[in-house]
Amino acid sequence: MRKFLQRLLTKPVINLANKWSSRPDRKRVDRALTDLHENINSDPGKLGPVIPFTDRDKFVILYDQHKGARDGADIFAKAATSYLEALDHYNHNQFFYINLGDSEELWENLIVTIKHHNKNTFEKEKLFLKRKAFIKIFGNHDLYWDNDPLASVNLLEIYGEQVKIYEGVILKTTVNDKTFEIFMTHGHQGDLQSDGNWFSKWFVSDIWGPFQSYLRINPNTPANNDALKTAHNEMMYEWSSKRKNTLLITGHTHQPVFRSLTELESLYEKLEAAKSVNNAPDVELLTQKINELHLKKTKAPSFKGYLDTYFNSGCCCFDDGDITGIEIEDGCIRLIKWAYKGEKSVRVVLEESKLEDLKL
């Protein structure tokens, strides 16, 4: 019966999830990001730290794990192995780990359940904390860390020491002889479905959670993310494009974005470039790739004038067990994926750019 319902309901459920899971308001998004950015810069350490860095420093940004109870509703379960292998790699190579929110699924689960079923992931994260190379940001699904009076007690039990929870972080360096900022936050701010919305929390925990657990549906499919930017990502880009020498990195939408473009949008940009120089082989190849990804027959979008100011690494809970993340190292920024090759998960670089080459 479950398999029959999965075949019948998976597609419409995913379509509904995409339609109703986010309701961003442009003015609220703009105001929330501006206020947070200004607060961190004017009063570092309260809502978030300001961290100076050089080309010698290495950062990895992972988020949206949604660690659960290893039941049918746990969308992290298949990706747990990839996440653990990624943490081993980054700790061994002395990366600073920034966890950008929604690490724990606390709309659907009690904290005691999360602690019981995710001990191995917490142990790996503790290794970064011991090196003073770990920052934990809250998202909407783990807002508990910011507003529950018992949060500090549970953090101490999980990590063996007190952990400060932030809303954002700013990395600062110098690029092309100018001060350069990388502003990071989870990205739920300004989303009417997520930003402190009690109804959404109740619906996810009491209606969606049990339904998802029975059907074992994970809406985070790679194919589902091969699309044009969501409205929320578009608003994030618009905010970032108004700031000088500033990159914005968020999560929340589970949709990978690099240099302000999704994978599909990047292909459209490359296709436009190939057409401009009459490169027929590349035009044919890129058109084929676009048709494979973009089944909807719509007019090809244009990204002329776009700036490389917005990034989103996707999530750590894709239904094929892969995870995506962002690395900052050697003066470069990369979109990476940890993907299964047989029984082992391996690191794959999807996109890469030098910070000095970004159009800002």
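The values are calculated or read from the model by the stated rules, or taken from the named source; none is laboratory data. Because the structure is predicted, anything quoted here is derived from the model rather than measured. Cβ atoms come from the backbone with ideal geometry, glycine included; neighbour counts cover every protein chain shown. In case anyone asks, the SASA skips ligands and DNA or RNA and just uses the protein heavy atoms, side chains included. Shrake-Rupley method; radii C 1.70, N 1.55, O 1.52, S 1.80 Å.
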*Whole-percent carbon and sulfur share, accessible surface of the stretch 88-144, 1.4 Å*: 56
*Considering only protein heavy atoms, what is the solvent-accessible area of His66 at a probe of 1.4 Å, reported in Å² to the nearest 10?*
10
*How large is the dipole of the stretch 146-186 about the Cα centre if only Lys and Arg carry +1 and Asp and Glu carry -1, each at its Cβ, rounded to the nearest 20 debye?*
220
*Taking a quarter of the surface of the Cα convex hull of the stretch 60-170, what do you get in nm²?*
6.3
*Modelled label-to-label distance, Ala300 and Ala231, 7 Å Cα→beta-carbon offset: nm?*
2.8
*To the nearest 10 square angstrom, how much accessible area does Glu292 have with a 1.4 angstrom probe?*
120
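Heavy-atom accessible area per residue, the stretch 282-360, 1.4 Å probe: how many Å²?
Working: 4080 Å² over 79 residues.
Per residue, the stretch 282-360 has 52 Å² of solvent-accessible surface.
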_If each residue of separation counts as 0.36 nm, what is the full-extension length gain between Lys242 and Leu293 once their alpha-carbon separation is subtracted?_
15.3 nm
*Per-residue HN-Hα couplings for the stretch 48-59 [Karplus 6.51, -1.76, 1.60; θ = phi - 60°; Hz; x = Gly/Pro]*: x, x, 10, 10, x, 8, 10, 5, 7, 7, 10, 10
*Any of Lys172/Lys242; Lys78/Lys115; Lys46/Lys115; Lys119/Lys164 with alpha carbons more than 25 Å apart? Name them for me.*
Lys46/Lys115
_Stretchable slack from Asn279 to Asp43, in nm (0.36 nm times residue separation minus alpha-carbon distance)_ = 79.8 nm
_Inter-label distance, nm, simple model (7 Å from Cα along the C-beta direction), Leu110/Lys359_ = 5.4
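Would you work out if the stretch 266-360 is rounded, prolate or oblate? Take a ≥ b ≥ c from the square roots of the eigenvalues of the alpha-carbon gyration tensor; rounded if a/c is under 1.5, else prolate when a/b is larger than b/c, oblate otherwise. Don't skip to the answer; put the middle values down first.
Numbers: a/c = 2.01, a/b = 1.30, b/c = 1.54.
Cα axes put the stretch 266-360 in the oblate bin.
For His89 and Arg26, calculate 0.36 nm times their separation in residues minus their Cα-Cα distance, and state this gained length in nm to one decimal.
Numbers: separation 63, 0.36 × 63 = 22.68 nm, distance 3.83 nm.
Here the answer is 18.9 nm.
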*Over the heavy atoms of Lys275, what accessible area does a 1.4 Å probe trace out, to the nearest 10 Å²?*
120
*Toward the positive end of the charge dipole of the stretch 62-116, about the Cα centre and with charges on Cβ (Lys, Arg +1; Asp, Glu -1), which of Asn99, His116, Gly68 goes farthest?*
His116
